[in-house]
Amino acid sequence: MMEQLPALQVVLPLFSALLCLLIRNKTASRLFAVAVSWGCLAIALILLRTVQETGIISYHFGGWFPPLGIEYRIDLLNAYVLIIVAMISAVVLPFGVGHWGLSIPEGREYLFFCAFLLCISGLLGITITGDAFNVFVFLEITSLSSYALIAMGRNRRALRAAFTYLVMGTVGGTFILIGIGMMYLETGTLNMVDIANRLPLAYGSRTVLVAFAFLTVGVGIKLAVFPLHHWLPNAYSYAPATVSAFLAATATKVSYYVLVRVIFTLFGAAYIFETLRFHVLLIPLSLLAMFIGSTVAIYQTNIKRLLAYSSISQIGYMTLGLSFASINGLTGGLVHLFNHALMKGGLFLVLASVMHSIASNEIDDMRGLGRKMPFTMAAFVLGGLSLIGVPGTVGFISKWYLVVAALEKGWYPIAVLILLSSFLAVIYIWRVVEIFFFREPAAEKSIKEAPLSMLIPTWILIGGTLFFGLQTEWTAGVAGSVANFLLGGLP
Amino acid sequence: MQWLGLWHYWAVIILMMIGLYIVIARDNLVKKVMGLSIFQVSVIMFYVSTGKVEGGTAPIIPEGGHDLVYSNPLPHVLMLTAIVVGISTTALALALIVRIQEAYGTVEDDELNAIDGAAL
């Protein structure tokens, strides 16, 4: 049983998704999905523990040995990302009994849980697999199910957002497929470890260069790296509230993981940063993302859209951390994966509660809401403080590592820019907090505090941003050893 | 013909660019999906063509014969999955278009923009 856990991590949600179709009952399928997501979290926790104790786990599918067979290879990096995905899904799925804000006919809710579980299994699959082609397959499972999830939004624009995401996502996925094909041409293998061993022999070849270009652009579309982020604001704004919370906290994180894998495991940091000088491209793009994302966020009138643009700027911090190619920089980027999942997940859940109470996410309609829903809006304030990076919250930890990394390299202007961009976050967060707490409510409607089934998941995530802001051993500690492991070859 | 290099790559590139151009330049959503399909098919052809080994035959060991040259079957097998992915994507995209047609009454991108813009 224990040695089959890596397979179960993916197989469990995958088959449960199909079982959901058979259950059909709304409550039963929901409880079932929640139970499965908790099971996934338990497996992910056991896997992390095992990796920490005994080192890399290599699971051979069907007993076929790699490189011929498909290998699931779990090191600290994937174990860490598995936890993020499993944790967020385990918190988001139980959220708000029955209040999902979906445009699904009565009695068809089980389809939502089916798509949700498929999405989870795809994300876990991308993370856990050690086979390059497998990454593409799981990526498409994730993408297809997330297009369906986004299209379930109440606003008809959700359909157009899903279609745009579908077109861009497919182009991105196909680019990744081309990249994998070219790596296969050069190395004759699809196993990631095998590719990593054989690629150095082909470094001079243009095929490898083109493969890297296709992979980065493809992953960049999925990750919404600055100029490729076109699909993200609409998709997050019009998706059902809980879906936004889930996707914002996991989908881009897994894409970031793929980028880290491609750069540090497949091609090797030395080749990417010393020969190709990839950071010369990535650092300006990250900085642009940080500033343009935050600046556009300031002018939004819809709060979900505001958070979507803020996500673009936060992705900028992550890619910036990666492009330092130093232990502290990569630690900052990786720890921000976890931290950003906590705070954006929590913030989007707050908006889901608001949507439930006042049926709107327009900032104007939320005037004075802090008095009517004190617990919900307090969670928003804490999440917002964390986005800014106030000491005591997780946002501070990530930015600390990034600034330290910038100073280490002697890139003082970048350190200053990181701090300056935080001020933009202060502006867009303070602007809405002021409206929530210091404006008179629009009309005397009877607005009640969100039910406990919504408050508890929200506060688990927001409480996490405070807890891990003070207790950094588990997050920054693990991220630090991952960074050490990935940069083993570099000083 | 030497300057062409491996000519099948050119065929793939031309097909790919046709597909990508349709996705970008056409306003009709159905045509966009067609472009997307052409784009995906070009990659499938790219993979399949890389499996070709000169003088190679189908990778089945005939009775008694072992010293034959075989084509590489792996890219072909991989593309079975990619074809399934492509079909699912097309099906989902068409389903979305049906719902867009129901919700908006049009599938032309510029008209959709006009409707959404007016509703703002």
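Normalised by 2.2 N^0.38 Å, where N is the number of residues, the alpha-carbon radius of gyration of region A:1-267 equals 1.00.
Chain A packed on chain B takes about 3000 Å² of accessible surface away from a 1.4 Å probe, both sides summed. Solvent-free Debye calculation, one equal scatterer per alpha-carbon of region A:277-491: log10 I(q)/I(0) at 0.13, 0.14 Å⁻¹ equals -0.71, -0.80. Viscosity 0.692 mPa s, temperature 37 °C: what is the translational diffusion coefficient of region A:1-111 from Stokes-Einstein with a Kirkwood Rh over Cα pairs, rounded to a whole number of µm²/s? The estimated diffusion coefficient comes to 212 µm²/s.
Summed over the residues of region A:1-267 and divided among them, the accessible surface reaches 32 Å² per residue at a probe radius of 1.4 Å.
Principal axis extents of the C-alpha atoms in chain B (largest first, rounded to whole Å): 72, 37, 15.
Structural descriptor for chain A: relative contact order 14 percent, calculated from alpha carbon pairs under 8 angstrom and at least 6 residues apart. Once you sort the root eigenvalues of the Cα gyration tensor of region A:213-263 as a ≥ b ≥ c, which label holds: rounded (a/c under 1.5), prolate (a/b larger than b/c) or oblate (the other case)? Judged from the Cα gyration tensor, region A:213-263 comes out oblate (a/c at least 1.5, b/c at or above a/b).
Taking the accessible area of chain A, probe 1.4 Å, and keeping the other protein chains in place, the carbon and sulfur fraction comes to 67%. For region B:79-120, accessible area lost to neighbouring protein chains reaches 30 Å² or more, against the chain alone with a 1.4 Å probe, at B:Thr81, B:Val85, B:Thr89, B:Leu92, B:Leu96, B:Arg99, B:Ile100, B:Ala103, B:Tyr104, B:Asp116. With the alpha-carbon atoms of region A:263-376 aligned to their principal axes, the span from lowest to highest coordinate is 57, 24, 20 Å, starting with the largest. For chain A, the mean residue ellipticity at 222 nm estimated from helices alone is -24500 deg cm²/dmol, where every DSSP H run of n ≥ 4 contributes -39500 (n - 2.57) and the total is divided by all residues, rounded to the nearest 500.
Using alpha carbons only, the radius of gyration of region A:229-296 set against its Kirkwood radius gives Rg/Rh = 1.08.
Given 4 °C and 1.567 mPa s, compute D for chain A with the Stokes-Einstein relation, Rh being the Kirkwood radius over Cα pairs; round to the nearest whole µm²/s.
58
Using the 4.7 Å Cβ rule, please list in number order the cysteines from chain A without any candidate partner. So far as the 4.7 Å Cβ criterion goes, A:Cys40, A:Cys119 stand without a partner in chain A. When the pairs A:Lys253/A:Lys372; A:Lys26/B:Lys31; A:Lys222/A:Lys409; A:Lys344/B:Lys31; A:Lys253/A:Lys399 are compared against a 27 Å limit on Cα-Cα distance, A:Lys253/A:Lys372; A:Lys26/B:Lys31; A:Lys222/A:Lys409; A:Lys344/B:Lys31 fall above it. Qualifying trypsin sites (Lys or Arg not before Pro) in region A:379-459, where qualification requires a DSSP coil assignment and no more than 13 other C-beta atoms within 10 Å, comprise A:Lys445, A:Lys448. Taking Rh as the Kirkwood radius computed over C-alpha pairs, what is the Stokes-Einstein D of region A:130-171 at 25 °C in a medium of viscosity 0.890 mPa s, expressed in µm² per second? Once the numbers are plugged in, D ends up at 226 µm²/s. Here, region B:47-111 yields an orientationally averaged convex hull projection of 6.8 nm² when only Cα atoms define the hull. With the convex hull drawn around the C-alpha atoms of region A:21-67, the volume per residue stands at 97 Å³. Whole-percent P(r), region A:357-402, all Cα pairs, 5 Å bins from 0: 5, 20, 21, 17, 13, 12, 8, 3. Averaged across the residues of A:157-165, what count of C-beta atoms belonging to other chains lies within 10 Å of each residue's C-beta? The per-residue average across the peptide is 6. The residue among A:Pro67, A:Trp474, A:Ile427 whose Cα reaches farthest toward the positive pole of the charge dipole of chain A, with charges on the beta-carbon of Lys, Arg, Asp and Glu, is A:Ile427. Could you let me know the centre-to-centre spacing of region A:287-343 and region A:375-392, using Cα atoms, in angstrom? Centre-to-centre distance over Cα atoms comes out at 16 Å.
On a 0 to 90° scale, report how tilted helix B:73-104 is relative to the longest principal axis of chain B, with both axes built from alpha carbons and the result rounded to the nearest 10. For helix B:73-104, the angle is close to 10 degrees. What stretch of chain A, leaving out the sites themselves, is the longest with no GluC sites (Glu not before Pro) in a DSSP loop having at most 12 other Cβ atoms within 10 Å? After excluding every exposed loop site, the longest remaining stretch is A:107-443.
The values are calculated or read from the model by the stated rules, or taken from the named source; none is laboratory data. Being a predicted model, the structure only gives us computed values, none of them experimental. Backbone-built Cβ (ideal geometry, glycine too); neighbour counts: all protein chains shown. The area values use the complete protein model at the heavy-atom level, side chains included, leaving out ligands, DNA and RNA. Shrake-Rupley method; radii C 1.70, N 1.55, O 1.52, S 1.80 Å.
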